[in-house]
There are 2 protein chains.
Amino acid sequence: MITETILVVDDDQDLRESIVEILEDYGYKVTACATAEAALQAMKEDVPRLALVDNMMPGMGGMALLPLLKKDFPATKIIMITAFSTVDNAVAAMRSGADDYLAKPFKRDELLVAVRRALEEQKFAQQQTEPCMDEALACLSNQIRRQILTTLSAQGEMRFMDITRTLGIRDHTKVNFHLKNLKNNNLISQNRQKSYRLTSQGEKMLDCLHLLSKRISL
Amino acid sequence: MITETILVVDDDQDLRESIVEILEDYGYKVTACATAEAALQAMKEDVPRLALVDNMMPGMGGMALLPLLKKDFPATKIIMITAFSTVDNAVAAMRSGADDYLAKPFKRDELLVAVRRALEEQKFAQQQTEPCMDEALACLSNQIRRQILTTLSAQGEMRFMDITRTLGIRDHTKVNFHLKNLKNNNLISQNRQKSYRLTSQGEKMLDCLHLLSKRISL
DNA sequence: CGCTTTTGTGAAGCATAATTCACAAAAGTG
DNA sequence: CACTTTTGTGAATTATGCTTCACAAAAGCG
């Protein structure tokens, strides 16, 4: 997985160290290097969630580094740092793939705000394959649980032992295990009379299952 | 799981034993009992795939037993056996939940044909939660594999190390593991230049994923 | 009430999936 | 060619999910 690190790339040692200090004080894990070439090397060993890149550097400049980073590590967010800020420069940086743009000199809080926002965006992009998806799909990946959903859908409402017998499963605790699983994932619920039934979530899931099976068999 | 057993319920000892013999000769595992009450008890201990039930029995008759069986063990197929066969009787039996109807006297082969057909239907109903579904959903239940699918869909075609870097995963063998998995399930393929891309199956899957996530978030 | 069935819990064992590691062939590059 | 990166394999380990088992409270029933 991508690490929690932030990479700082700046040839100006004073500025670099002060950025690192601010970020580390705030609790971030930080790596720093002085050249674009070193940055590329560092990225290969440890892909950061965010890179702060200075525009003007001896050797490969920040503007040249940007597309390389974006190509090989598209998940990493990039904040461009520049001394002689102009509109054109800012626009060019953003067009080259920078996710934000910070003009020197900047205050501690300006830096932190930009970093936090970038990390938030990164997190969001990372989760695009949504987290609740994990549970849902794990739930559906078991045949017994799918059977429970379908029979519940067919019968509307069933008691524990009815389900077990319908599925023809000997060990009732086995069924119980899966019922608990489904209950924890809010796909089924249980009323005062102990009867199980699908929740609205569960019905949606079942719908999806049917959709899936149609699509797969195409 | 439901057992391979066939249950024979008939008060006429001669007929019962001859049925049992025919079925066992053919290789089926058979349980027999003489009354409806005994049958209900036997079902609780061992849910058969199929029950052969005589219509006329002292105590609870076959017609009374049918709805009870269907209620508690809907997965079990039922073949009604009757001596004084009429159309009305046959219709009534089928309406009460019998899956087939056999008039006495019947030949050995008539019995076997009916039994085979019933077992086939039972098997089919059992598999309704399709088998290929298992693999597909297991495949999708892993977050990394889903990420691979989505990034491949976004990029169209990617090489191995590009994928690993994009996902920000350190250990390339880990990605390889999941790529292999996806490849085995025919969701992605690899061309001569070693580039990975989605197969049509894979695209369908991804479609389904999007569908799912929309539904879930509703 | 005593007895059975239903519904349930939690721990132990087993099976499968996922990760890591050590290593290597193939491809690309100077 | 030597050297690096890419792409890959298989075994060992770890994590996770599933099943089984021993047991028990609650509900139903004579």
Nonlocal amide H pairs with B:LEU52, under 5 Å, H built at 1.01 Å: B:LEU7, B:VAL8, B:VAL9, B:ILE79
Among A:PRO48, A:GLY168, A:TYR26, whose Cα sits farthest toward the positive end of the charge dipole of chain A (+1 at Cβ of Lys/Arg, -1 at Cβ of Asp/Glu, about the Cα centre)? A:GLY168
Which whole-Hz couplings ³J(HN,Hα) result when phi for each residue of the range B:112-118 is put into the Karplus expression 6.51 cos²θ - 1.76 cosθ + 1.60, θ = phi - 60°, listed in order with x for Gly and Pro? 5, 4, 4, 5, 4, 4, 4
Short version: ³J(HN,Hα) in whole Hz for each residue of the range B:143-155, in order, from phi by Karplus 6.51 cos²θ - 1.76 cosθ + 1.60 (θ = phi - 60°), x for Gly and Pro, what are they? 5, 4, 5, 5, 4, 4, 4, 5, 5, 4, 5, 6, 8
Considering only chain A, pick the residue with its Cβ nearest the axis of the rotation onto chain B, and state the distance in whole Å. A:SER141, 2
Taking the 0 to 90 degree range and rounding to the nearest ten, how far is the long axis of helix A:200-217 tilted relative to the main principal axis of chain A, both from C-alpha atoms? 80
Any idea what the relative contact order of chain B is, in percent, if you count C-alpha pairs under 8 Å spaced at least 6 apart? 13
What are the principal axis extents of the Cα atoms in chain A, in Å, biggest first? 75, 42, 31
Inter-copy separations for A:ASP88, label at 7 Å along Cα-Cβ, nm, ascending: 10.1
Here the correct list, in nm and shortest first, of distances from A:LEU15 to the same site in the other copies, label points 7 Å along Cα→Cβ, is 9.9
For q = 0.13, 0.14 Å⁻¹, Debye-computed log10 I/I(0) when each Cα of the protein assembly as shown counts as one equal scatterer: -1.10, -1.18
Please report, largest first and rounded to whole Å, the three semi-axes of the ellipsoid equivalent to the range B:6-128, where each semi-axis is the square root of five times an eigenvalue of the C-alpha gyration tensor. 18, 17, 16
Pop out the ³J(HN,Hα) list for the range A:23-36 in order, Karplus 6.51 cos²θ - 1.76 cosθ + 1.60 with θ = phi - 60°, rounded to Hz; leave Gly and Pro as x. 5, 5, 4, 6, x, 7, 8, 10, 10, 9, 8, 9, 10, 4
Per the Kirkwood definition applied to all pairs of different Cα atoms, how many angstroms is the hydrodynamic radius of the range A:132-217? 12.9
Roughly how many debye, to the nearest 20, is the charge dipole of chain A about its Cα centre, given +1 on each Lys and Arg Cβ, -1 on each Asp and Glu Cβ, and no other charges? 2080
Does anyone have the angle between helix A:131-140 and the longest principal axis of chain A? Alpha-carbon axes, 0 to 90°, nearest 10? 30
Taking B:TYR26, A:TYR101 and counting other beta carbon atoms within 10 angstrom, the fewest-first order is B:TYR26, A:TYR101
Acute angle (nearest 10 degrees) that the helix A:172-184 long axis makes with the longest principal axis of chain A, alpha-carbon atoms: 40
Calculate the length of the line joining the C-alpha centroid of the range A:162-218 to that of the range B:175-211, in whole Å. 29
Can you work out the FRET efficiency for the pair A:ASP134 and B:GLN193, with r the C-beta to C-beta distance and R0 = 35 Å, to the nearest 0.05? 0.60
Ordered shortest first, which distances in nm separate the 7 Å Cα→C-beta label point of B:LYS183 from those of the other copies? 4.5
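Where a number appears in this text, it was derived from the coordinates with a stated rule and is not lab data. A quick note: this is a predicted structure, and the numbers were derived from the prediction, not measured. Every residue, glycine as well, gets a Cβ built from its backbone with ideal geometry; the counts of neighbours run over all protein chains shown.
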